[in-house]
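Each reported figure results from applying straightforward, stated rules to the coordinates on display, with no laboratory input. Values in this document were obtained by computation on a predicted structure and should not be read as measured data. All Cβ positions, glycine included, derive from the backbone under ideal geometry; neighbour counts span all protein chains shown.
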Amino acid sequence: MITYKELGLVNSKDLFAKAVKGGYAIPAFNFNNLEQLQAIIGACVETKSPVILQVSSGARKYANQTLLKHLAKGAVDYAHELGFDIPIVLHLDHGDTFELCKSCIESGFSSVMIDGSHHSYEKNIELTAQVVEYAHKHNVSVEGELGVLAGIEDDVSSDVTHYTKPEEVEDFVKKTGVDSLAISIGTSHGANKFTPDQCTRNEDGILVPPPLRFDILEECEKRIPGFPIVLHGASSVPAELVKIINSNGGKLKDAVGIPEEQLRRAAASAVCKVNIDSDGRLAMTAAIRKAFNDNPAEFDPRKYLGPARDSLKELYKHKIVNVLGSAGKAVNCN
Ligand code: G3H
Ligand code: 13P
Ligand code: ZN
């Protein structure tokens with residue numbers, strides 16, 4: 001067993017308390033490899049933002065848990081080397097069993113999500129409370145989820161959104177002891193968050209998605225005032241990235257995400273953690289497709305992964321500065 005403190009990581013408790021009070025959200029960026037990690041840490045150090053490094057169970061299988069542990073420790077040292085010790089949380093994204101959460105806690109994670117949202121309400125409470133009991137013995141933060149997002153979460157998928165029922169949140173938080181709660185207000189995972197018939201089209205023919213259910217968010221906030229709320233499925237799916245992908249041989253059809261002004265509004269509320277994965281995937285894919293097209297004779301991975309990393313870093317800086325409002329918030333955290 002290694003504790004997150006030995007790796008130089010922090011849990012999310014103080015970060016969330018400050019974010020809720022300050023009306024901003026901490027970025028939760030998924031990573032699976034070295035370039036993504038370099039881009040995240042580079043962007044967060046330059047903007048002086050706290051960060052949640054997020055690892056799904058698929059990412060853990062892909063990257064190897066031992067390597068991940070060393071990468072997380074490396075992220076702390078890398079930030080220091082870049083000149084600013086930002087607070088870094090290592091978080092399990094969409095944990096689905098007690099055993100997986102326990103194993104992550106034992107290998108240095110400072111925060112875990114137990115996603116019992118696909119179970120019955122009672123089973124979700126039971127499973128979440130079991131994880132909280134173990135995690136809190138180790139000072140590790142726990143995120144629970146109520147309501148189901150449409151889209152794919154690892155091996156679990158849902159065609160339709162099941163909005164969070166505000167009347168359940170207070171009871172769930174009380175019975176489980178979770179530290180934060182993910183809710184479902186109309187976001188979803190992936191790059192095709194809505195079907196074209198769920199959208200309207202603007203004058204340029206661009207798909208405009210239905211607005212998020214801020215009424216549900218406000219109802220939840222009323223019932224658990226000041227409690228940290230998490231938004232999953234928060235990629236914006238930038239049209240310019242989809243265009244680069246498709247004009248360089250890609251085939252992304254009807255890709256549509258959450259408009260940034262809605263995410264800004266959410267970040268100013270009790271939403272204190274915003275999950276972004278797909279936008280990073282799009283930024284990397286666009287840069288790599290373009291590099292392959294521009295230089296077909298090139299076969300040095302650094303020549304296409306390098307531009308992908310640069311593009312990712314710019315995307316993350318944009319999110320931090322212009323969407324989430326977390327720039328400069330690492331200043332008084334150490
Ligand atoms: O919510 C899902 C995240 O985007 C992680 O995706 O399970 O493909 O790693 P993944
Ligand atoms: P996106 O697919 O919108 O990036 O959401 C990521 C996420 O919620 C990870 O848990
Ligand atoms: Zn998610």
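Quick look at the values:
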| item | result |
| --- | --- |
| Residue order, fewest to most beta carbons within 10 Å, for Glu99, Glu126 | Glu99, Glu126 |
| Only Lys, Arg (+1) and Asp, Glu (-1) charged, at Cβ; segment 132-221 dipole about Cα centre in debye | 100 |
| Within the chain, percent of DSSP bridges classed antiparallel, to nearest 5 | 15 |
| Max mean-square fluctuation residue, GNM over the chain, Cα-Cα springs under 10 Å, options Cys44, Cys101, Cys220 | Cys220 |
| Highest average packing first - 118-124, 190-196, Cβ atoms within 10 Å | 190-196, 118-124 |
| Dipole in debye (nearest 20) - the chain, about Cα centre, beta carbon charges: Lys, Arg +1; Asp, Glu -1 | 660 |
| Mean-position separation - Cα centroids, segment 280-330 and segment 66-125, in angstrom | 24 |
| Computed [θ] at 222 nm, deg cm²/dmol, the chain (DSSP H ≥ 4; -39,500 (n - 2.57); rounded to nearest 500) | -13500 deg cm²/dmol |
| Rg(Cα)/(2.2 N^0.38 Å) for segment 208-306, N = residue count | 1.42 |
| The chain: most fluctuating residue of Leu231, Leu100, Leu92 per GNM, C-alpha cutoff 10 Å | Leu100 |
| Cα gyration tensor shape for segment 93-228, rounded if a/c is under 1.5, else prolate or oblate | prolate |
| Percent antiparallel among DSSP beta bridges (both partners in segment 98-216, rounded to 5) | 45 |
| Where GluC sites (Glu not before Pro) fall in DSSP loop in segment 1-89, at most 13 other Cβ within 10 Å | Glu6 |
| Estimated vicinal HN-Hα couplings, Hz - segment 16-23 in sequence order (Karplus 6.51, -1.76, 1.60; Gly, Pro = x) | 5, 4, 5, 5, 5, 5, x, x |
| Most mobile of Lys290, Lys165, Lys174 in a GNM of the chain (Cα contacts under 10 Å) | Lys174 |
| Distance histogram in 10 Å bins (all Cα pairs of the chain, percent per bin) | 6, 27, 36, 24, 7, 1, 0 |
| Partner aspartates and glutamates for Lys69 [C-alpha distance under 12 Å; skip if fewer than 8 residues away on the same chain] | Glu6, Glu106 |
| Percent of Cα pairs exceeding the 21 Å cut-off, where the set is segment 5-72 | 29 |
| Cα lying deepest toward the dipole's positive end in the chain, options Phe16, Leu71, Thr176, charges on Cβ | Leu71 |
| Where the Cα pairs of segment 73-115 fall when distances are cut into 5 Å bins, in % | 5, 23, 25, 15, 13, 11, 6, 2 |
| Extreme residue, positive dipole direction of the chain, given options Ser117, Ile258, Phe29 (C-beta unit charges) | Phe29 |
| Histogram of C-alpha separations across segment 277-334, 5 Å bin width, % | 4, 19, 21, 17, 13, 11, 8, 5, 2, 0 |
